[in-house]
1. Between Ser120, Ser147, which is buried (at least 20 other Cβ atoms within 10 Å of the Cβ) and within 22 Å of Met204 (Cα to Cα)?
2. Kindly indicate whether Pro171 is buried (at least 20 other Cβ atoms within 10 Å of the Cβ), assigned to a loop (DSSP other than H, G, I, E, B) and either in the same structural domain as Tyr201 (by TED's automatic domain parsing) or not basic (Lys, Arg) (or both).
3. Return a yes/no flag: does the range 88-101 have any residue that is modelled with pLDDT of 95 or more and in a helix (DSSP H, G or I).
4. Need pairs with beta-carbon distance below 8 Å; first residue in contact (Cβ under 8 Å) with a residue 12 or more places away in the chain and within the range 149-167, second among the polar types (S, T, N, Q) and in a helix (DSSP H, G or I); sequence gap 6+ or separate chains.
5. Looking at (1) surrounded by fewer than 22 Cβ atoms within 10 Å (Cβ to Cβ); (2) out of contact with any Phe, Trp or Tyr (no Cβ under 6 Å at 6 or more places or on another chain); (3) not acidic (Asp, Glu), which one does Tyr189 not meet, given that it meets all the others?
6. Could you tell me which of the residues Leu154, Leu124 is at pLDDT below 95 and not in a loop (DSSP other than H, G, I, E, B)?
7. Starting from the range 99-114, take each residue that is within 18 Å of Leu154 (Cα to Cα) and list its partners that are part of a loop (DSSP other than H, G, I, E, B) and aromatic (Phe, Trp, Tyr), counting only C-beta distances under 8 angstrom and pairs at least six apart or across chains.
Amino acid sequence: MRIIESAICRLGETEELGRSPVVSVQSIVSHLSENHVQSAVSRLSESQDLIADGSSTFCLPMVRGQHPDLKSISPVTMLELLNGHLDHTIDSYKVIDCRYPYEFAGGHIKGAENRYTHESILELLTSQSPPKVGGKRKILVFHCEFSSERAPKLCRFLRQKDREQNKEHYPALNYPEVYILHGGYKAFYEHQKDMCDPIGYKPMLHSDHSADLRHFRIKSKSWTAGEKRRYALKTLRF
């Protein structure tokens, strides 16, 4: 609203000077947009405590993880989230399990979604509208077996595509608050088996699933040009 009011005031000044109001408005909007983006970039780069749209600080307690560019939470915090102890802050959350299907079937965090391909991650963006400003948080928690490779890669992929989808409204995002589960499923399973369904832990390198490992590893990397085009067409509908 302040930006619009400022633009109107400046428009009135240009009309008094006999300038073209259309050109002036375009110039004003362009200038304001650049200033807005520059301000947002500066704000985000100066503070590591702000979520990715710069609207507020992270609401979950964090631990030092393996990846400095990503925010990590402990299995204890994950359990508090599952038990509803953070409902006063969190409106909704999704646990994104990036392990392969045979790992997931062998035991996973209750309520988790198995998403290990680029396409399945993009479905999060095409099915979710941006969160309301000032409302409760909508967060994602990514993990894989150890949260050392697969989950961080897909988490970064989500952020990249989220930025692309919302490039006209920077720094707005569909999912500005995203976390990694420190230690992955293995650490959580060792901490709280009762919150796993079924109660079990099947490692990626299980001897019974060598063929599955090769199959799903290839599938998880098959982000093709055709799939990129299909994603682009979907986002045009929003």
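1. Only one candidate passes the filter, namely Ser147.
2. On the way: buried (at least 20 other Cβ atoms within 10 Å of the Cβ): yes; assigned to a loop (DSSP other than H, G, I, E, B): yes; either in the same structural domain as Tyr201 (by TED's automatic domain parsing) or not basic (Lys, Arg) (or both): yes.
Criteria met by Pro171.
3. yes
4. Arg150/Ser220; Gln165/Thr235
5. (2)
6. Values: Leu154 fails: at pLDDT below 95.
So the residue among Leu154, Leu124 that is at pLDDT below 95 and not in a loop (DSSP other than H, G, I, E, B) is Leu124.
7. From the range 99-114, the pairs are Arg99/Tyr116; Tyr100/Tyr116; Pro101/Tyr116.
Condition check ((1) in the same structural domain as Arg163 (by TED's automatic domain parsing); (2) within 19 Å of Arg217 (Cβ to Cβ); (3) within 19 Å of the chain's Cα centre (by Cα)) across all residues:
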site: Gln66; (1), (2), (3): no, no, yes
site: Asp91; (1), (2), (3): yes, no, yes
site: Val95; (1), (2), (3): yes, no, yes
site: Arg99; (1), (2), (3): yes, yes, yes
site: Gly107; (1), (2), (3): yes, no, no
site: Leu125; (1), (2), (3): yes, no, yes
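The values are calculated or read from the model by the stated rules, or taken from the named source; none is laboratory data. Values in this document were obtained by computation on a predicted structure and should not be read as measured data. Glycine gets a Cβ as well: all are built from the backbone with ideal geometry, and neighbour counts include every protein chain shown.
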